[in-house]
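Heads up: the structure comes next, in structure tokens.
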Amino acid sequence: MKLVNFEINRFAKLFTVLLGIILLVQIAGVIILSKMYVNLANEKIYEDMMSKAAFLSRRGPMSFSDIVGSVWFLGPIALCIAAIAFYIFFIWYRDWFGKNTFIYRLLMLPTARLNVFFAKATTILLTTFGFVAFQLILLPIETTIFKWMVPNEFRVDLGIQDIIGSLPELLVIIPNSFVEFFLYYGAGFVIVSIMFTAILFERSYRWKGVLIGVLYSLVAVVVFIIPMILQSFVLNEFFYPIELLAIEVVMAAIILACSIWTSGYLLKKKVTV
Amino acid sequence: MRKYWKAALVIAVIVFGVGAYYVNAAISAPQKPEFVIKKQSGDEKEVQSIVLDGSYQVGFHGEPLQLTSTGTRYDSEVSFFDRLNGFQKNKITELEKEYRSFMRGKNGDINAYFEDNQYLVYADVEYKRNDLKPSDFRFKIAVLDKQDDKATSLNLSVPNESNLDWVMIEDVQKKNDQIVVMTQNHVRDSGNRKVEVREYRFDISNKKLVENKKIMSQEESENTQTDIYMMNESSPLEKHENVVFAKVVTEFKPANQDQVAEGPEVEEILSDYISYNYDRKEKNHIKLPESIKKAVETDGIDSNMFNGTKVYFMRFNEKGITITPYSLNNRRIEDEISLSMQINNKYGGMPPITTIRDGKVYAASPISDQNTKSNIVVADLKSGKTVFKGEIISKEPTQTNREYELYFHQLYVK
């Protein structure tokens, strides 16, 4: 717990900056895009003498999904995804290459070394959820601003779920049901654990470790997709979809366990400082 | 505790944000209108087992829905696990529920099944796809005896399989101790391509192919393309004596000088309706009056139906539907039935979606929007009387701000 808190504090600055970027860019996007639409409407109706109905039928009313599909909205999300992908590596390597090889002190702590691994993984998970939650809290605020900006007759109001549903990419980040949320982020967590293991291989054996790490990741991917390949090519769709899902969950659990065990072993016996 | 405030804050935000979203999603009332079938005249019992598949569209966002007499079910209201088993419930999902182990690994094509009180039969043709051309076509047939829950299966090579390009199952029947499988085969025959309809009969107790008969065949030439369709059956699973095929020839006329850019002119000609009787093993051409033939050519053959003994040819106009039954046993046209029904002409007068089941015809208009309503009409085929008339309305008073369109693409009766 102390370790998790410590890691989060280290990430806090970057995290806050990213949240700030989401907040500013997305709200700016809402305001600018709404303004552009209203200006266009004004121009057409009062300058070109187009009737309201004609404008609406030609341009269509504006809905919040127009904003969600824009760079203003998706850009910050993409930035955060990139930041997390980067941080998965950074969270380890800065302990080696930072000012005073911090990893010494981490590994000397009087707890199991595996706890370092868990603390880092938890931090990645927590910050990811943090971004998602922040976005979910931000959405109602943004729709309210949108409602202030665009008059009623030019607007189609969508519920938050409809807004998210309007963009398939967003459905991956914020799925419709809690079960899917658990499955998607569970898969994400397994991937993070595989990458951590690969990083530890590299730290243990350097260049040879890079190769082992890549091989390890490949084996994990193969283990994961074997049930699906068997299902479609050998077993002729023998399993019902729900059974295949259960098998895949078990496979993912096995891969996760392997990664944790291997990482623990590497941290304890092999890591070179 | 002071020390942990950042982590605590992050966790609090997560619990609040994610929690609030999913709790809200679970309890908040759906924002899409609830559509119901409102009776105008007739007996409500007639539409109790009706199922309409369609979608609800606002702007560019559409969502699949299923409408029954009890109301509307939207795609987003279905739980994740139910969705895995298929959103739109149909006969196949029912069979999977009831005969779980028998249905394992069987495909979702309703024509591949046959069911009566005692047996459930399934037939498929599988092939290897790993070579450049498909090879090793094999019949996979399974028969389930429902009473003693015993399944018999059969795995036989398709005759002349090395000449096949693909095989489609058109119909499966059980006649006495034989399994009859009707297929459409695409065949390569010394450079030429052919389409064939074939009947295979299997002796299930001896696991043997006992008969292999060609029902129809058509060679492909350079300027024509032939498509053979099996006519929609009102209840594809059940036992019936006949099958009906429509043969449509598409001609590609060479383009004129000034038409080159638009490509060749295409003309579809319905050339033939052919019925085949399983019991007598005989083939007949159906002779149609020119008026019906013309209507069938313009409206397409998709909406015609047959129920095992009669073919129902349907014609549509602004006032409704005219149905002409053709009896396969007497080989005669019977009295026409007219259904009056308003069709929304705003969308180019798309024909209504129809189905025939247990001596009744069901029809529904395919499109409606916030200003119009979809109609549903049920009529008795024997008497020609309309037994139910109704419209599909939104339960709540329509919100002024919402422009929607409601589409239906399939109607079936459970």
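The values are calculated or read from the model by the stated rules, or taken from the named source; none is laboratory data. Everything quoted here is computed from the prediction, not taken from an experiment. Cβ coordinates were reconstructed from backbone atoms using ideal geometry, including for glycine residues, and neighbour counts include every protein chain displayed. Ligands, DNA and RNA are excluded from the accessible area calculation, which covers all protein heavy atoms including side chains. Shrake-Rupley method; radii C 1.70, N 1.55, O 1.52, S 1.80 Å.
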Once the Cα atoms of helix A:178-229 and of chain A are each reduced to a long axis, what angle between those two axes, in degrees from 0 to 90 to the nearest 10, is obtained? 50 degrees
Shielding by partners for A:158-167, please: the mean number of other protein chain Cβ atoms within 10 Å of each residue's Cβ. 4
I'd like the mean, over residues of A:124-137, of how many other protein chain beta carbons sit within 10 Å of each residue's own Cβ. 5
Give the accessible surface of the range B:41-106 per residue, rounded to a whole number of Å², with probe radius 1.4 Å and ligands, DNA and RNA excluded. 50 Å²
Options A:TYR185, A:MET149, A:LEU109, ranked by Cα towards positive dipole end of the range A:103-193, top entry (Cβ charges): A:LEU109
Quick one: 3J(HN,Hα) in Hz for the range B:100-112, Karplus 6.51/-1.76/1.60 with θ = phi - 60°, rounded, Gly and Pro as x. 4, 6, 5, 7, 3, x, 8, 7, x, 8, 4, 5, 7
Using Stokes-Einstein with the Kirkwood hydrodynamic radius over Cα pairs, what translational diffusion coefficient do you get for the protein assembly as shown at 20 °C and a viscosity of 1.002 mPa s, in µm²/s rounded to a whole number? 70 µm²/s
Using only the alpha carbons, work out the radius of gyration and Dmax of chain B in angstrom. 25.7, 92
Unit charges at the beta carbon, dipole of the protein assembly as shown: most positive-side option, B:PHE202, B:VAL13, B:LEU411: B:VAL13
If you take the accessible area of B alone, add that of A alone, and subtract the area of the pair, what total do you get in Å², probe 1.4 Å, to the nearest 100? 3400 Å²
Which order do you get for A:LEU215, A:LEU125 if you rank them by accessible area with a 1.4 Å probe, largest at the top? A:LEU215, A:LEU125
Express in Å², to the nearest 10, the accessible area of A:THR128 obtained by rolling a 1.4 Å probe over the protein heavy atoms while all chains stay in place. 30 Å²
If you roll a 1.4 angstrom probe over the protein chains with everything in place, what fraction of the accessible area of the range A:1-144 belongs to carbon and sulfur, to the nearest %? 70 percent
Taking amide hydrogens as modeled 1.01 Å from N in the peptide plane, which residues meet the under 5 Å criterion relative to B:ASP272, leaving out close sequence neighbours? B:LYS247
Diffing the range B:213-229: the Karplus 3J(HN,Hα) column from phi (6.51, -1.76, 1.60, θ = phi - 60°), in whole Hz with x for Gly and Pro, holds 10, 8, 9, 9, 8, 8, 8, 8, 10, 5, 9, 10, 9, 10, 10, 10, 10
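Order the following by accessible area, largest value first: A:PHE178, A:PHE233, B:PHE408, B:PHE81. Probe radius 1.4 Å; ligands, DNA and RNA are ignored.
Heavy-atom accessible area, descending, gives A:PHE233, A:PHE178, B:PHE81, B:PHE408.
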Using modelled amide H (1.01 Å from N, peptide plane; none on Pro or chain starts), what sits under 5 Å from the amide H of B:VAL387, excluding residues fewer than 5 places away? B:VAL378, B:ALA379, B:ASP380
Per residue solvent-accessible surface (Å²) - chain A, probe of 1.4 Å: 52 Å²
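Roughly how crowded by other chains is peptide A:240-247, in terms of the mean Cβ count from those chains within 10 Å of each of its Cβ atoms?
The shielding value for this peptide is 3.
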Which value at 222 nm does the protein assembly as shown reach when only helices count, each DSSP H run of 4 or more adding -39,500 (n - 2.57), with the total divided by all residues and rounded to the nearest 500 deg cm²/dmol? -13000 deg cm²/dmol
Sorted by chain and then number, the residues having a modelled amide H within less than 5 Å of the amide H of B:GLU34, at least 5 places away or on another chain, are B:LYS395, B:GLU396
Hey, quick one: spin label on A:LEU14, modelled 7 Å out along Cα-Cβ, who in the range A:104-123 has an amide N within reach, i.e. under 15 Å? A:120-123
Could you give the nm distance between label points at A:ILE212 and B:LYS146, where each point is 7 Å from its Cα heading toward the beta carbon? 6.1 nm
Magnitude of the Cβ-charge dipole (Lys and Arg +1, Asp and Glu -1) of the protein assembly as shown about the Cα centre, nearest 20 debye, reported as 3440 debye
Which angle between 0 and 90 degrees, to the nearest 10, do you get for helix B:290-299 versus the longest principal axis of chain B when only C-alpha atoms count? 40 degrees
Using the alpha-carbon centroid of each, what span in Å lies between the range B:310-337 and the range A:196-273? 63 Å
Just the number, please: carbon plus sulfur as a percent of the accessible area of chain B, 1.4 Å probe, no ligands or DNA/RNA counted. 47 percent
Putting +1 on Lys and Arg Cβ atoms and -1 on Asp and Glu Cβ atoms, find which of A:MET228, B:ILE110, A:LEU139 reaches farthest to the positive end of the dipole of the protein assembly as shown. A:LEU139
In nm, give the distance between the simple-model label positions of A:VAL222 and A:ALA187, each being 7 Å from the Cα along the Cα-to-Cβ direction. 2.1 nm
Scalar couplings 3J(HN,Hα) for the range A:60-67 by Karplus 6.51 cos²θ - 1.76 cosθ + 1.60 (θ = phi - 60°), nearest whole Hz, x for Gly and Pro, are x, x, 8, 10, 5, 5, 4, 6
Quick one: how many Å² of B:LYS91 are accessible to a 1.4 Å probe, rounded to 10? 80 Å²
Counting Lys and Arg as +1 and Asp and Glu as -1, each charge on the Cβ, what is the dipole of the range B:31-413 about the Cα centre in debye, to the nearest 20? 920 debye
